[in-house]
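One structure is given here, and the rest of the page talks about it.
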Protein chains: 2
Amino acid sequence: MSPRACPDPTCGIARSLDVLGERWALMIVRDAFLGRSRFSEFRASLGVSPDILTARLATLVDCGVLVRQTYRDPGERERDEYVLTDAGRELAPVLAALGRWGADHLPVDSGTRIRYLDSHTGDPVYLTFATAGGASIPASRVTLVRPSA
Amino acid sequence: MSPRACPDPTCGIARSLDVLGERWALMIVRDAFLGRSRFSEFRASLGVSPDILTARLATLVDCGVLVRQTYRDPGERERDEYVLTDAGRELAPVLAALGRWGADHLPVDSGTRIRYLDSHTGDPVYLTFATAGGASIPASRVTLVRPSA
């Protein structure tokens, strides 16, 4: 990762925000969890300008959240797609925490709440604080599902 | 809260990032959890420009994360300070998720990990995914403690 002017490099919150503390970065990560991987899919979903999307995808690849892979549709040239790494999948708690807070404190009438499922069992899971020793599901096992409207 | 161009207003993640998706906003919230409340304290801790700090504090008050109160030191004029609301205290999971991810995936030699404690019992608590019905500690009960260097 390229060096940045992190306001407090000893703090993990500060270091994460230095990479992710911009709404487009985490919206791209959300979309990647929901199965989007192509530039055109992120662009259509988010309505972000191509320049900003290009820059944010590069940062997310640079810091190990996404990995760039190539694909080729029949009759088309080779293109890049962007897939979550293991480190990227471990951002599920960040999305769950933001989603819960937004649902509770910035409610809208038409809100659709993304659900979090244990990919091993299919059971719904919830982000919570707990004391050590309780049963917990590793973040890497959690998948996001958006209810259809 | 003033209307904004939220990229996906039906999604709680998007609505939260619309307010909080900028590193200074969540760094101010972190500092507020660590006991800072005065403009001069945020400024000294974060090294952010006065203009940006003024704007971010106004947004955080506007969206109900901080409340503005007045105080007066002996012989000084009245000044504002900024204190977490109940909604602000419920951002503890967002900070815990970001801090954990940064500690795991953006490690530094000199990192100090903020600890999360149950304010009722003093026990350390951890953010985790769990199935419904498990023992959990409400976010509003969680306090942040920064180990001294």
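This model, with +1 at the C-beta of Lys and Arg and -1 at the C-beta of Asp and Glu, gives the protein assembly as shown a dipole about its Cα centre of some 20 debye.
Amide H contacts under 5 Å for B:LEU66: B:VAL61, B:THR85, restricted to partners 5 or more places along the chain or on a different chain, H placed in the peptide plane at 1.01 Å from N. Using a 10 angstrom cutoff on alpha carbons, build the Gaussian network for chain B and name the most mobile of B:GLY64, B:GLY102, B:GLY12. Among B:GLY64, B:GLY102, B:GLY12, the largest GNM mean-square fluctuation belongs to B:GLY12.
By other beta-carbon atoms within 10 Å, ranking B:ASP51, A:ASP80, B:ASP8 with the fewest at the front produces B:ASP51, A:ASP80, B:ASP8. Pick from B:THR112, B:THR59, B:THR85: which is most flexible by mean-square fluctuation in a GNM of chain B where alpha carbon atoms under 10 Å apart are linked? Highest fluctuation among the options: B:THR112. The overall shape of the protein assembly as shown, judged from the alpha-carbon gyration tensor, is prolate: a/c is not under 1.5, and a/b is greater than b/c. Averaged over the residues of peptide A:104-113, the number of Cβ atoms from other protein chains lying within 10 Å of each residue's Cβ is 6.
In whole percent, what relative contact order does chain B give with Cα contacts below 8 Å and a gap of six or more residues?
Working: 155 pairs, mean separation 28.2, N = 149.
Relative contact order of chain B: 19 percent.
Counting other beta carbons within 10 Å of each residue's own, what order do A:ARG79, B:ARG15, A:ARG72 fall into, fewest first? Present the calculation step by step, with values, prior to reporting the outcome.
Working: A:ARG79 13, B:ARG15 27, A:ARG72 9.
Going from sparsest to densest Cβ surroundings: A:ARG72, A:ARG79, B:ARG15.
Simple point charges give the picture: +1 on the Cβ of Lys and Arg, -1 on the Cβ of Asp and Glu, and for chain B a dipole about the Cα centre of about 120 debye. Find how many whole Å separate the alpha carbon centroid of region B:55-100 from the alpha carbon centroid of region A:33-84. The two parts, judged by their Cα centres, are 37 Å apart. Rounded to the nearest Hz, the phi-derived 3J(HN,Hα) couplings of region B:117-125 under the Karplus curve 6.51 cos²θ - 1.76 cosθ + 1.60 (θ = phi - 60°) are 10, 6, 5, 7, 10, x, 6, x, 10, where x marks glycine and proline.
Using Cβ contacts closer than 10 Å as the measure, can you line up A:CYS6, A:CYS63 from fewest to most? Provide the component values of the computation, followed by the final result.
Numbers: A:CYS6 18, A:CYS63 22.
Fewest-to-most Cβ neighbours within 10 Å comes out as A:CYS6, A:CYS63.
Closest approach of a chain A beta carbon to the axis mapping chain A onto chain B (residue, whole Å): A:ALA97, 2.
None of the figures in this text is laboratory data; all of them are computed from the coordinates on show. Please read these numbers as outputs of a predicted model, since none were measured by experiment. All Cβ positions, even for glycine, are placed from backbone atoms using ideal geometry, and neighbour counts span all protein chains on display.
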